[in-house]
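Reviewing the structure listed below.
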Amino acid sequence: MSLAEARRERDQVRRSWLLSLPALFLLAIGAIGPLFIMVVYSFLTPGKYGNVEWIFSTDAWRGIIFTKDIFDETLKLADAHLTIFWRSVKLSFLTTVFTFVVGFPTAWFIATQPPRWRPFWLFLITIPFWTNLLIRTFAINQIIRTEGLLNTILLKVGIISTPLNLLYTDTAVFIGMTYVYLPLMVLPLYAAIDRFDHRLLEAGYDLYASRMAVLRRIIFPIVKPGIVAGSILVFIPSLGAYVTPRILGGGRNMMIGNFIELQFGQGRNWPLGAALSVVLLLIVTAALLVYVKFANREGGHG
């Protein structure tokens, strides 16, 4: 490369960076800035009436797992905090698994329909996104409450003799999140299955493979990128869900998002809320890194 060509290449790189400066500035202000504030707040002291006092402290980070006894100030496990974390991870995992169990046959059905009918079925899947999340959650509330549609039908049919107590339980939160996030599982699965070569199924059956063997050895490995993408799209928003646990779980069945809001509101412990926010962000980042690593590995094999 000649000196003139090297100079032109440097000038082009410099112009590219200059053109991207506005976007980088907005990214720093809108994303990195708030994150930096949360990290700083997590190492400060709670104010008496909210906000923070600019006194360095690691109590917020210790308070995620441990709490002080009100009498002798000895440290003990913060059972309530750990319970909330466990409930959040458990319900998010169950929601991801169940949306896959329901979403995979749904996506397969849509992908195997005649091409002219596929947009119609995809349209039906995306209809819930046309309605506000709050309204959809209240709709689930009306269905599963004691005098709701579900109990009314079951009582009239004679399947149950007393109404099911579903509302304000983990089961209610699970049902609500499964309903809300199911389309986020179906769409990536459909995109993966739509590219599937169905001649591979015939080859598997010609080699005397059972249906379970074909599913396990042929279908799942090929559509695995869609499974991983759908799992990430469901697990991450489920982990930080706020509206659904707030309405369907009530104050007794809160998740991480509700617990963070509580610290910035009635709890008036902003450093603890900031520390919890950073921990939640780290969990989400770890999940995204796993997905990116998997996607790169799949791309390299392709």
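Inside the range 55-74, can you point out the residues that are modelled with pLDDT of 90 or more, in a loop (DSSP other than H, G, I, E, B) and either aromatic (Phe, Trp, Tyr) or more than 20 Å from Ile260 (Cβ to Cβ) (or both)? Once the filter is applied, which keeps residues that are modelled with pLDDT of 90 or more, in a loop (DSSP other than H, G, I, E, B) and either aromatic (Phe, Trp, Tyr) or more than 20 Å from Ile260 (Cβ to Cβ) (or both), the range 55-74 yields Ile55, Phe56.
Answer with yes or no whether Leu201 is surrounded by 15 or more Cβ atoms within 10 Å (Cβ to Cβ), part of a helix (DSSP H, G or I) and modelled with pLDDT of 90 or more. No, not satisfied.
List every residue pair whose Cβ atoms sit under 6 Å apart, with the two residues 6 or more apart in sequence or on different chains, where the first one lies in the range 27-54 and is in a loop (DSSP other than H, G, I, E, B) and the second, anywhere, is surrounded by 14 or more Cβ atoms within 10 Å (Cβ to Cβ) and at pLDDT 85 or above. Listed by first residue and then by second, the contacts come to Ser42/Ala60; Ser42/Pro271; Ser42/Ala274; Ser42/Ala275; Ser42/Val278; Leu44/Val52; Leu44/Pro271. One residue alone among Phe104, Phe138, Phe109 is more than 24 Å from the chain's Cα centre (by Cα) and farther than 17 Å from Ile236 by Cβ, and that residue is Phe109. Selection over the range 122-167 of residues that are open to solvent by 80 Å² or more (accessible area, probe 1.4 Å), under 28 Å from Ile110 (Cβ atoms) and not in a helix (DSSP H, G or I) gives a count of 1. Only one entry of Ala209, Ala241, Ala275 meets the criterion of being surrounded by 15 or more Cβ atoms within 10 Å (Cβ to Cβ), in contact (Cβ under 8 Å) with a residue 60 or more places away in the chain and not in a helix (DSSP H, G or I), and that entry is Ala241. Looking only at the range 33-54, residues that are modelled with pLDDT under 85 and open to solvent by 80 Å² or more (accessible area, probe 1.4 Å) come to 2 in all. Of all the numbered requirements in (1) open to solvent by 20 Å² or more (accessible area, probe 1.4 Å); (2) out of contact with any strand residue (DSSP E or B) (no Cβ under 7 Å at 6 or more places or on another chain); (3) of a type outside the set (Asp, Glu), Gly257 misses one, and that requirement is (1). Regarding the range 19-26, can at least one residue be identified that is of a type outside the set (Gly, Ala, Ser) and touching a residue at least 40 places away in the same chain (Cβ under 8 Å)? The answer is no, given that none of the residues of the range 19-26 is of a type outside the set (Gly, Ala, Ser) and touching a residue at least 40 places away in the same chain (Cβ under 8 Å). Residues that are of a type in the set (A, V, I, L, M, F, W, C) and either in a loop (DSSP other than H, G, I, E, B) or open to solvent by 40 Å² or more (accessible area, probe 1.4 Å) (or both) within the range 260-272 comprise Leu262, Phe264, Trp270, listed in sequence order.
The values are calculated or read from the model by the stated rules, or taken from the named source; none is laboratory data. Quick caveat: nothing in here was measured; it's all calculated off a predicted structure. Counting neighbours? That spans all protein chains shown, and the Cβs are built from the backbone with ideal geometry, glycine included. Just so you know, the surface numbers come from the protein's heavy atoms only, side chains and all, with ligands and any DNA or RNA stripped out. Shrake-Rupley method; radii C 1.70, N 1.55, O 1.52, S 1.80 Å.
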